[in-house]
Amino acid sequence: MRGARRTAVIVAFLAALAIGAVPSVAVAASVTEQVISRLNRQLLYLAVPIAVLVEAILAYTVWRFRDNDEPEPTKENRQLEITWTIATALVLLFVGTASFYVLAQPTVSTVLDDPQRNAEPGNAPEDAVEAHIVTEQWNYTFEYPEENVTTSESLVLPENRTAYLYITSEDVIHSVHVPELGLKQDALPGQYNLLRTEPTEKGEYRLYCAELCGRGHPEMLSTVQVVSEDEYERWLENPESALNESEANESSANGSATDGGP
């Protein structure tokens with residue numbers, strides 16, 4: 001009995017140590033990334049103690065029976081079998097429930113209320129940003145139909161505002177992937193696929209193609225710029241220079257503050 005308690009204490013300590021060693025998670029840059037990261041953390045905190053427990057039992061068994069040259073069949077223990085069957089069922093129930101909850105989120109699921117084939121542009125809510133991401137070997141074109149703006153420089157989105165991104169391709173299959181925002185969606189010729197999200201942190205995020213699409217695939221890169229609402233409105237009025245002027249003003253202000261220091 002004392003040995004069993006000692007083993008339980010050691011297992012609990014190792015599990016706590018393993019969980020404590022998990023690196024802290026940075027602030028999510030979108031609501032999509034937020035719910036995905038939360039699910040990953042939940043599953044990690046569940047998996048680490050289980051893994052430590054299994055490895056601890058394995059190590060103890062190897063050490064305990066290291067000199068047993070005449071092993072005997074394990075005695076039947078129905079209570080133990082029922083216990084680990086119920087425990088396994090509870091773990092799987094939690095994993096399934098948590099996963100389906102995340103998949104049901106509008107900012108995660110690619111399935112609309114209507115079938116996916118009806119994901120035609122123009123159905124975004126009035127207060128949402130509607131943008132079309134048109135892919136082709138090996139470039140992107142970003143269209144804002146309601147504002148009559150088209151650019152190939154960068155996808156610009158306002159902070160804390162829902163965005164409906166309609167994705168299509170002009171030639172072969174591509175895949176739009178923005179890891180830091182938790183976004184990934186295939187771009188298919190002759191079809192629109194929808195991504196819904198809400199950026200929550202201003203910044204510049206890497207956008208790249210995640211589907212092998214030819215010899216220029218490694219260079220098929222772009223960026224997503226998340227800016228304030230005011231800056232977004234200024235950019236719509238002058239897409240060619242508004243963001244560059246803003247960045248230049250910020251750099252100038254930082255330089256002046258540095259020069260004016262003691």
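List of remarks:
- Residue in the stretch 210-241 that is surrounded by the fewest Cβ atoms within 10 Å (Cβ to Cβ), counting only those that are out of contact with any Pro (no Cβ under 9 Å at 6 or more places or on another chain) and assigned to a strand (DSSP E or B): LEU221
- Test result for VAL95, touching an Asp or Glu at 6+ places or on another chain (Cβ under 9 Å), at pLDDT 85 or above, open to solvent by less than 100 Å² (accessible area, probe 1.4 Å) and of a type in the set (A, V, I, L, M): no
The values are calculated or read from the model by the stated rules, or taken from the named source; none is laboratory data. It should be emphasised that the depicted structure is a prediction, and the values quoted were computed from it without experimental measurement. Virtual Cβ from ideal backbone geometry, glycine too; neighbours counted across all protein chains shown. For accessibility, only protein heavy atoms count, side chains too; no ligands or nucleic acids. Shrake-Rupley method; radii C 1.70, N 1.55, O 1.52, S 1.80 Å.
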